[in-house]
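Working notes for the structure below.
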Amino acid sequence: QVQLVESGGGLVQAGGSLRLSCAASGRTFSSYAAGWFRQAPGKEREFVARIRTGGSTYYTDSVKGRFTIFRDNAKNTVYLQMNSLKPEDTAIYYCATTSSVRPGTEPWQYDSWGQGTQVTVAS
């Protein structure tokens, strides 16, 4: 399995930016697809973005044009650049990996998870 540690969360004003990082250890990170999910209080965990081993990306509609997922396999790290943040982006953000070659958007499709990092966007 892959061990994941997120960082980079914090408090930011609406319209601001944050970059989340997810450092992986264990098996070869480059052979795993990675995703970011988030969970707001009282809500279910939801998909945000994912990146396949080949680099192709996919985003949920609410973050398209604002968030960018990218990876640096040499550093065993996946990132989530978040721009134009909105109060509704407030949540705990989790990174996850999967060995599936066609990763979906459901949490159950991912088998390794980080502990999460809090993102709070003030209005």
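The values are calculated or read from the model by the stated rules, or taken from the named source; none is laboratory data. Because the structure is predicted, anything quoted here is derived from the model rather than measured. Every residue, glycine among them, receives a Cβ derived from its backbone with ideal geometry; neighbour counts consider all protein chains shown. Ligands, DNA and RNA are stripped out before the accessible areas are found, and what is left, the full protein with its side chains, is counted by its heavy atoms. Shrake-Rupley method; radii C 1.70, N 1.55, O 1.52, S 1.80 Å.
See the values below:
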item	result
Ordering of 80-89, 44-53, 7-16 by burial proxy (mean other Cβ atoms within 10 Å per residue, highest first)	44-53, 80-89, 7-16
Given charges at beta-carbon only (K, R positive; D, E negative), |dipole| of the chain in Debye	260 debye
Heavy-atom surface of the stretch 24-121, accessible at 1.4 Å and reported per residue (Å²)	49 Å²
Highest-first arrangement of 54-60, 117-123, where packing means the average Cβ count within 10 Å	117-123, 54-60
Accessible-area composition of the chain, carbon plus sulfur, in percent [1.4 Å probe]	47 percent
